[in-house]
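Input: a single structure, listed below in structure tokens.
Every read-out reported here was derived from the displayed coordinates using simple, explicitly stated rules and does not represent laboratory data. Note that the coordinates shown come from a computational prediction; the quantities given were computed from them, not determined experimentally. Note that each Cβ is placed from the backbone with ideal geometry, even for glycine, and that neighbours are counted across all protein chains shown.
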Amino acid sequence: MALDTVRPTVLITGASAGIGSELVPFFAGTGHNVVLVGHQKPVLEGIAAAARKVFRVDTTVIACDLAEPDAAHTVFAELSQHNIDIDVLVNNAGLGAYGEFEATEPQTEERVIQSNILALTMLTKLLLPGMIARDRGRILNVASTAASAPVPLHSVYSAAKAYVLSFSESLSEELKNTGVTVTSLCPDPPVGDLDRNTGLENPRGYQKHAISVRSVARTAFRALIPGDRAAVPAWGNLATASLLA
């Protein structure tokens with residue numbers, strides 16, 4: 001079921017690198033206007049300029065750190081000020097923390113929870129009513145294979161991703177009689193994206209089976225547009241796939 005609009009608009013959080021930035025050409029290349037959210041404004045402006053030049057779409061940059069309190073409300077206020085309706089929401093932004101829970105800094109865990117749980121939930125809360133009113137919308141929530149089981153030394157991160165997966169599945173069921181769908185993306189940590197976006201170390205097991213960020217983005221896009229409930233890249237995600245069956 002494709003989005004029934006001439007020029008839909010996608011909002012991508014965590015758009016300066018990794019999965020977020022790799023999703024931009026998939027959306028812009030299919031005629032979506034693009035709103036890029038992140039805290040690295042110069043990087044986002046470069047990505048936006050490239051999308052405008054290559055794909056001739058409208059782009060908007062919102063510089064905001066989603067690990068800060070009330071960040072979702074800041075983003076929503078910016079959208080409202082510019083009368084931008086969001087048809088596709090990609091909740092990609094997230095942070096991780098590695099180490100024994102008792103030894104990590106409290107502020108670190110607060111930022112993990114804020115970015116992975118609170119910002120994702122509140123952006124969805126704020127943008128969903130408009131999607132329902134227009135009877136069309138797509139939401140992509142980036143979870144992880146870490147959502148399928150506890151992960152020692154990544155305790156808050158894995159718990160946060162379990163929340164994302166459970167929230168997405170529940171919301172998908174609630175919205176089944178509307179024109180809005182929710183897709184959960186559950187990738188293995190992609191090559192080159194571990195330390196930068198999640199704070200996770202890259203064990204040899206992940207190195208052996210990890211897939212490219214672009215491949216993950218492609219899988220996510222192909223699942224999101226028709227409204228599939230799950231996007232599960234790579235063979236190593238069988239445990240997560242069984243949870244979404």
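Note on region 126-171: percent of Cα-Cα distances in each 10 Å bin, starting at 0 and stopping at the bin with the largest distance, equals 27, 39, 23, 11, 1.
How much length, in nm to one decimal, is gained on full extension between ASN83 and VAL6, taken as 0.36 nm per residue of separation minus their Cα-Cα distance? Write out the running numbers ahead of the final one.
Working: separation 77, 0.36 × 77 = 27.72 nm, distance 1.71 nm.
Taking 0.36 nm per residue and subtracting the Cα distance, the gain is 26.0 nm.
In percent, how large is the relative contact order of region 1-50, given Cα pairs closer than 8 Å and 6 or more residues apart? If you can, show how the numbers build up before the last one.
Values: 56 pairs, mean separation 19.7, N = 50.
Once normalised by length, the contact order is 39 percent.
For region 46-124, the set of trypsin sites (Lys or Arg not before Pro) satisfying both a DSSP loop assignment and a count of at most 10 other C-beta atoms within 10 Å is given as ARG56.
The Kirkwood radius of region 32-107, taken over pairs of alpha-carbon atoms, gives through the Stokes-Einstein law at 37 °C and 0.692 mPa s a diffusion coefficient of 229 µm² s⁻¹.
Please tell me the relative contact order of region 12-149 in percent, rounded to the nearest whole number, where contacts are Cα pairs under 8 Å and at least six residues apart.
Working: 188 pairs, mean separation 32.7, N = 138.
Averaging sequence separation for qualifying contacts and normalising by length gives 24 percent for region 12-149.
Taken as Cα centroids, region 100-169 and region 2-46 sit 20 Å apart, rounded to the nearest whole angstrom.
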